[in-house]
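So the structure is just underneath, and the comments pick up after that.
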Amino acid sequence: MSEQPRRPRKPGKPYRRPQKDPVRILAFEALRAVDERDAYANLVLPPLLRKAREKEGPERFDARDAALATELVYGTLRRQGTYDAIIADCVDRPLREVDPPVLDVLSLGVHQLLGTRIPSHAAVSASVELARVVLGDGRAKFVNAVLRKVARDDLDGWLERVAPPYDEDPEDHLAVVHSHPRWVVSALWDSLGGGRAGIEELLAADNERPEVTLVARPGRATPEELLGEEAAVPGRWSPYAVRLSEGGEPGAVEAVREGRAGVQDEGSQLVALALANAPLDGPDRRWLDGCAGPGGKAALLGALAAERGAFLLASEKQPHRAGLVARALDGNPGPYQVIAADGTRPAWRPGSFDRVLVDVPCTGLGALRRRPEARWRRRPEDLDGFAPLQRGLLRGALEAVRVGGVVAYATCSPHLAETRAVVADVLKQHPGTELLDARPLLPGVSDLGEGPDVQLWPHLHGTDAMYLALVRRTS
């Protein structure tokens, strides 16, 4: 058989295989999971990083790789609204017509160009190589063309171009500049009150990477033990809080691995402490956490109850979340029980408890630093879905507490429809109640407003935007 003649090569550059960049590929995979599966980055990213650290060879991550991947994912999600406006100015079609995987690669590239210190040529080159690996050569050319346009200016220059002037449309200006949906800007502004400075500070704080805060569970660990860890500094407000500065890894802390300490925002700690220290009329023997999942507040309450010889019942409607609560409370030094039950249809008799906490499900607008994708996922109509549940849980809590006992209504949202409106509506239906001034129960915490309820803020307190109202049953 005669040898077949070889086909002559076409003139031009020889084909070059795309260079795989494990860090950027991992960041892309995390963004795709957030978009496709409605996953949360704080749940998706840790297992991806853990797997990357366990690999052998050049794809194995070190601390710098993990830090860069984390910054790329969270930075891109936080600034998504701003970057979308910039990308929209650089393409010749509506963004909804750009394939989501392509938009993810573009957003990662824009964040490197405008939100990091990575040199422009390196940011463009790395993003084009990523596009070649995950999208193919054809769409990589599109990525290259768009990012070269973006690279012509810095972030301030782009914001001048794509954000409407503040004087013409303040809310839309803030939405683009600070990367929040317009309705969220409006809601936060209403809750905060005041002028431009306060809302700008709050929106900017939402886009900062929060520190990791640990809680030393009383009777099981001490703040002094945690302060012996590298990069650990005292908390600002809670006597049990210890903050890990950038680079601190909670999984490396022995007390956290053993469950004697946990990761818990300081605002969450303050809510539990305020309930535990609220003045009662009568005995102090039985406590209830009526919405206990995933278990952070329950673990702190259980430890505080144990110090007084009180019993804690931790109730969570979803069985899998009740399992998380049981894990958080495992080893608690005092008596406790975890059950799967619905707080709006109590599994206990009325008036059974001296102290009751209901940290109700909500939009999560108070934790946008930690879950930046939530701002793009939530819609104003979500408030209508949460409203009946929030009111039902507070009514159930007031029925569960005895006369002279105290209920703490808490939520990780500053939206007035989820905070003061809920409390006001329910208390109208329960005349035998009174609001307590919660501010003295947060000693040393500044800027707590006129009371009697408390709204914490990221820009003022360095915490999530937790809301707290304390209600005593009087009859």
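Among the listed residues Ser245, Ser315, identify the single one that is small (Gly, Ala, Ser) and farther than 23 Å from Asp330 by Cβ. Reasoning before the result, please.
Values: Ser315 fails: farther than 23 Å from Asp330 by Cβ.
It is Ser245.
Does any residue of region 77-97 turn out to be closer than 22 Å to Arg369 by Cα, hydrophobic (A, V, I, L, M, F, W, C) and open to solvent by 20 Å² or more (accessible area, probe 1.4 Å)?
Checking region 77-97: at least one residue is closer than 22 Å to Arg369 by Cα, hydrophobic (A, V, I, L, M, F, W, C) and open to solvent by 20 Å² or more (accessible area, probe 1.4 Å).
What are the residues in region 348-374 that are assigned to a helix (DSSP H, G or I) and crowded, with 21+ Cβ neighbours inside 10 Å, if any? Explain how you work it out, then say what you get.
Initial filter on region 348-374 (assigned to a helix (DSSP H, G or I)): 365-367, 374.
If the condition is that a residue be assigned to a helix (DSSP H, G or I) and crowded, with 21+ Cβ neighbours inside 10 Å, then Leu365, Gly366, Ala367 are the ones that fit.
Aliphatic (A, V, I, L, M) and either open to solvent by less than 30 Å² (accessible area, probe 1.4 Å) or closer than 29 Å to Leu460 by Cα (or both): does that describe Leu398? Spell out how you get there, then give the answer.
On the way: aliphatic (A, V, I, L, M): yes; either open to solvent by less than 30 Å² (accessible area, probe 1.4 Å) or closer than 29 Å to Leu460 by Cα (or both): yes.
For Leu398, the condition - aliphatic (A, V, I, L, M) and either open to solvent by less than 30 Å² (accessible area, probe 1.4 Å) or closer than 29 Å to Leu460 by Cα (or both) - is met.
Read through the list (1) farther than 17 Å from His459 by Cβ; (2) open to solvent by 40 Å² or more (accessible area, probe 1.4 Å); (3) part of a helix (DSSP H, G or I), then give the number of the only condition that Asp153 fails.
Failing condition for Asp153: (3).
Scan region 267-289 residue by residue and report those that are of a type in the set (Gly, Ala, Ser) and either outside any loop (DSSP other than H, G, I, E, B) or at pLDDT 95 or above (or both).
We begin by selecting, within region 267-289, every residue of a type in the set (Gly, Ala, Ser); these are 267-268, 272, 274, 276, 278, 282.
Those that are of a type in the set (Gly, Ala, Ser) and either outside any loop (DSSP other than H, G, I, E, B) or at pLDDT 95 or above (or both): Gly267, Ser268, Ala272, Ala274, Ala276, Ala278.
Between Trp158, Trp189, which is open to solvent by less than 50 Å² (accessible area, probe 1.4 Å) and either more than 26 Å from Leu383 (Cβ to Cβ) or touching a Gly at 6+ places or on another chain (Cβ under 6 Å) (or both)?
Trp158
Do we have Ala292 as open to solvent by less than 60 Å² (accessible area, probe 1.4 Å) and in a loop (DSSP other than H, G, I, E, B) here? It would help to see each step written out before you state the result.
Working: open to solvent by less than 60 Å² (accessible area, probe 1.4 Å): yes; in a loop (DSSP other than H, G, I, E, B): yes.
Yes; evaluated as a whole, the condition is true for this residue.
Restrict the check to region 312-319 and report whether at least one residue is modelled with pLDDT of 95 or more and assigned to a helix (DSSP H, G or I).
yes
Determine if region 391-401 includes at least one residue that is assigned to a helix (DSSP H, G or I), within 26 Å of His178 (Cβ to Cβ) and not hydroxyl-bearing (Ser, Thr, Tyr). Before you say what the answer is, go through the steps one by one.
At the first step, the residues of region 391-401 found to be assigned to a helix (DSSP H, G or I) are 391-400.
Still in the running and within 26 Å of His178 (Cβ to Cβ): none.
No, region 391-401 contains no residue that is assigned to a helix (DSSP H, G or I), within 26 Å of His178 (Cβ to Cβ) and not hydroxyl-bearing (Ser, Thr, Tyr).
Of all residues in region 98-134 being farther than 22 Å from Asp65 by Cβ and part of a loop (DSSP other than H, G, I, E, B), which is most open to solvent (accessible area, probe 1.4 Å)?
By that ranking, first place goes to Asp99.
The values are calculated or read from the model by the stated rules, or taken from the named source; none is laboratory data. If you're wondering where the values come from, they're calculated on a predicted model, not measured in any experiment. All Cβ positions, glycine included, derive from the backbone under ideal geometry; neighbour counts span all protein chains shown. These area figures cover heavy atoms from the full protein model, side chains too; ligands, DNA and RNA do not enter into them. Shrake-Rupley method; radii C 1.70, N 1.55, O 1.52, S 1.80 Å.
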